[in-house]
Amino acid sequence: MSKRMQNLMLPLLAVITGLILGGIIMWISGYKPINAYIALFQGAFGNPVFIANTIAGAIPLILTSLGIAIAFRTGLFNIGAEGQYWIGAMVGTWIGYNFPHLPWYIHIPFALIGAMLAGGIWGGLIPGLAKAFVGAHEVITTMMMSYIAILIGHFMLERGPMMAPGYNPQSPLVSPTATLPTLISNSNLSAGIFIAIAAIIVVYLVLFHTTFGYRLRTVGYNPMAAKYAGMNVPLFTIYSLGLSGVLAGLGGAVQIMGVDHQLTDTFSSGYGYTAIVVSLLARNNPIAIFFASVFFSALSTGSQVMQINSGVSPNMTDVITGVIIFFVATDKLYSYFRGRFRRTAKAQSEQKGVSLS
Amino acid sequence: MSVLGLVFSNPELYGSTLAMATPLALGALGGTFSERTGVVNIAMEGIMLVGAFFGVMAAASSHSAWVGLLAGVVAGGLISLALAWPAVRLQSDQVILGMAINLFAAGLTAFLLNTVYGFGGTPISTPQLPQLTIPILNNIPFLGAVLGQQNVVVYLMILLVIIGHFFLFHTNLGLRMRAVGEHPEAADTVGINVVRIRYFGVLIGGMMSGLAGVYLSIGMLNSFEVNMTDGRGYIALAAMIFGKWTPFGSLGAALLFGFATAVSFSLQNYGVSANLIGILPYALTIVALTGVIGRSKAPAADGLPYEPSK
């Protein structure tokens with residue numbers, strides 16, 4: 001298999017394996033997996049509003065996983081995108097409801113840039129500096145920073161400074177001047193999709209068509225060589241984690257300004273983690289990220305209809321997602337079994353040879 | 001006496017500290033066993049959930065909490081093999097495997113709860129692991145209120161930490177485990193079976209995390225709820241790092257984090273945000289990793305796949 005084919009085939013195999021294993025678990029539990037999957041598909045793509053909602057759900061995934069992909073390309077694992085997403089949403093919300101007199105063409109960029117900066121500082125500055133200067137592993141630091149961010153978010157809303165008057169842990173609504181317009185009525189699809197598509201193009205161009213992107217990838221591919229070639233590896237570590245946080249922060253703000261319009265305690269249901277799965281499945285390719293995001297968003301929007309039509313709990317999609325990541329991580333499995341198969345075939349033919357002689 | 005004085009002089013605070021610390025210490029100890037052999041384990045959260053669910057399920061159907069404990073521990077061990085096998089045999093990325101297990105376990109246990117028990121949740125008649133009363137200790141003032149009457153798993157945890165320390169630092173097998181985690185090539189050269197040791201470390205670790213889950217579901221309560229670990233697996237991860245990958249260090253960190261939780265419960269009535277106190281474990285872990293107070297360092301080969309030469 002060529003490298004390109006492998007990049008396409010292995011994720012596809014992982015998805016198929018995930019769906020089959022999910023089906024087996026449903027079947028054992030007494031459900032009809034085929035009907036459940038048909039309901040899932042209908043729920044995701046059955047009518048224009050469902051399609052729009054599926055694409056809308058892909059927007060924060062696209063933005064966040066683009067960031068994770070940049071980190072992966074630099075050899076860094078940003079596992080804390082969930083927190084950067086929260087921080088972006090928090091800052092986006094705060095700017096969104098605090099300056100209602102600004103015209104929209106200033107208010108929207110203001111909120112977006114604020115969220116991007118905050119996400120970048122959260123993801124880049126502390127974990128980046130810690131990694132670059134004392135070698136603290138970014139998996140742990142970004143994860144810990146992520147939990148801190150989410151707790152700060154809850155603090156802000158539960159009788160904290162961002163709580164709206166009343167008893168519910170929620171912020172005030174963002175002002176109309178900071179709201180991204182909805183494209184299809186009765187759906188969640190907002191103009192945020194244009195931001196997501198623009199981000200895909202920008203990240204693609206930066207990664208593959210600029211010296212900066214080339215350096216980022218070199219640091220990821222071989223940090224020693226990058227160092228000997230005179231690149232400032234610690235600086236690129238900070239850049240990479242920072243950009244990763246910038247995009248996750250943007251994702252959070254776009255979700256608030258396009259869909260939720262206010263921050264609530266239940267703001268994210270693990271988008272930051274699903275985004276890691278998206279990047280893994282897309283093998284950190286910005287264009288493949290679009291399709292992988294739509295796929296995972298479809299699983300999530302479709303699972304609601306699946307529950308109504310066939311009674312399968314929507315948590316089934318987490319099971320499927322878990323299996324998919326497992327098989328993406330175990331990419332050597334296929335060559336492992338091929339090797340085994342060859343060995344047994346060889347042993348068998350050798351045995352035959354013995355019996356013949 | 002001031003409010004703080006009242007809160008801090010109450011022995012119940014320290015009793016509940018110990019109770020809160022137990023799942024964290026068990027998870028951290030499990031992680032220590034895994035990572036000392038060089039397999040990064042961020043899957044404690046998922047393993048705990050699996051242990052918690054199957055613990056309740058077995059306890060409810062057999063009407064014995066002990067059967068539940070056994071089932072939860074075995075289930076924890078089994079799911080940890082999904083980390084061990086690809087990590088050891090296929091040189092897969094251990095962090096990604098851990099993520100996969102966490103997601104899979106959260107989905108599976110929620111799905112099974114819904115499918116097996118429906119909206120009513122797990123049976124009310126599910127037996128609970130007993131509280132023990134230690135005869136003499138219980139009569140000592142203050143100390144008795146802290147240590148004298150706890151769930152059986154709390155005592156089991158203390159025992160496991162002591163045995164774990166002795167095992168890792170004073171036995172041959174423990175030395176081999178640490179050698180494999182520091183320098184697998186060298187260990188291999190002197191005839192240590194790297195693959196088998198790593199399986200062993202992850203498996204024992206998984207069983208301990210399973211026990212942590214059992215404690216949550218049929219120790220503290222007698223039911224299972226969706227995502228009932230509530231991030232404790234990650235705090236256990238933090239405790240393991242803050243405790244510098246040692247059993248006693250893990251226990252110490254778990255006690256500190258458990259104390260923070262217990263204090264935040266006590267102070268909630270006085271308007272102190274539990275969310276802000278909850279930040280403590282995570283902030284301390286970053287501090288520990290960046291070396292402000294004695295840098296915490298992972299085993300040298302932690303997370304590095306090892307391909308045995310044939």
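Mean residue ellipticity, 222 nm, helices only, the protein assembly as shown: the sum of -39500 (n - 2.57) across DSSP H runs of n ≥ 4, divided by residue count and rounded to 500, is -23000 deg cm²/dmol. In terms of other Cβ atoms within 10 Å, B:PHE8, B:PHE257 run from fewest to most in the order B:PHE8, B:PHE257. Once you've got the Cα coordinates, tell me which of A:LYS332/B:LYS244; A:LYS332/B:LYS297; A:LYS131/B:LYS244 are over 24 Å apart. In this structure, A:LYS332/B:LYS244; A:LYS332/B:LYS297 exceed 24 Å between Cα atoms.
3J(HN,Hα) couplings calculated from phi for region A:291-298 with the Karplus curve 6.51 cos²θ - 1.76 cosθ + 1.60 (θ = phi - 60°) are, in sequence order, 5, 5, 5, 4, 4, 6, 5, 4 Hz; Gly and Pro show x. Peptide B:279-285 has a mean shielding of 5, counted as Cβ atoms of other protein chains within 10 Å of each residue's Cβ.
Against the empirical 2.2 N^0.38 Å (N residues), region B:3-290 has a Cα radius of gyration ratio of 1.00.
For B:VAL226 and B:ALA145, FRET efficiency with R0 = 41 Å and r from the beta-carbon atoms, rounded to 0.05?
Details: r = 34 Å, r/R0 = 0.82.
The calculated FRET efficiency here is 0.75.
Projected label points at B:LEU276 and A:TYR228, each 7 Å from Cα along the beta carbon direction, are separated by 5.3 nanometres. Between A:LEU173 and B:ILE163, the C-beta separation translates, for a Förster distance of 51 Å, into a calculated FRET efficiency of about 0.35. Taking other Cβ atoms within 10 Å as a rough exposure proxy, B:MET220, A:MET306, A:MET224, A:MET156 sort from fewest to most as A:MET224, B:MET220, A:MET156, A:MET306.
Counting only C-alpha contacts under 8 Å and six or more residues apart, can you give the relative contact order of chain A as a whole percent? Don't jump to the answer; show the numbers that get you there.
On the way: 627 pairs, mean separation 120.8, N = 357.
Computed value for chain A: 34 percent relative contact order.
In this simple spin-label model, placing a label point 7 Å from the Cα along the Cα-to-Cβ direction at both B:LEU81 and A:TYR204 gives a separation of 4.5 nm. Straight-line cross-link reach from A:LYS3 at under 20 Å between alpha-carbon atoms covers these aspartates and glutamates, not counting any fewer than eight positions away in the same chain: A:ASP331, B:ASP93. For region B:1-138, rounded, prolate or oblate, judged on the Cα gyration tensor with a ≥ b ≥ c (square roots of eigenvalues), a/c < 1.5 rounded, else prolate if a/b > b/c? Oblate is the answer for region B:1-138, as a/c is 1.5 or above yet b/c matches or exceeds a/b. Residue order for A:HIS107, A:HIS209, fewest other beta carbons within 10 angstrom first, comes to A:HIS209, A:HIS107.
May I ask you to derive the FRET efficiency for A:LYS3 and A:ILE106 from their Cβ-Cβ distance with R0 = 56 Å, giving the value to the nearest 0.05?
Numbers: r = 47 Å, r/R0 = 0.83.
According to the calculation, E is roughly 0.75.
Scanning residues 5 or more positions from A:SER190 or on other chains, those with amide H under 5 Å from its amide H are A:LEU183, with H placed 1.01 Å from N in the peptide plane. Phi-derived couplings, Karplus 6.51 cos²θ - 1.76 cosθ + 1.60 at θ = phi - 60°, listed residue by residue for region A:42-49: 4, x, 8, 10, x, 8, x, 5 Hz, with x used for Gly and Pro.
A convex hull fitted around the alpha carbon atoms of region A:67-298 yields 121 Å³ per residue. Please say if region A:203-349 is rounded, prolate or oblate, where rounded means a/c under 1.5 for a ≥ b ≥ c the square roots of the C-alpha gyration tensor eigenvalues, and otherwise the choice is prolate for a/b larger than b/c and oblate otherwise? Oblate, since a/c reaches 1.5 and b/c is not below a/b.
Every read-out reported here was derived from the displayed coordinates using simple, explicitly stated rules and does not represent laboratory data. Just so it is clear, the model here is predicted, and its values are computed rather than measured. Positions of Cβ are backbone-derived with ideal geometry, glycine not excepted, and every protein chain shown enters the neighbour counts.
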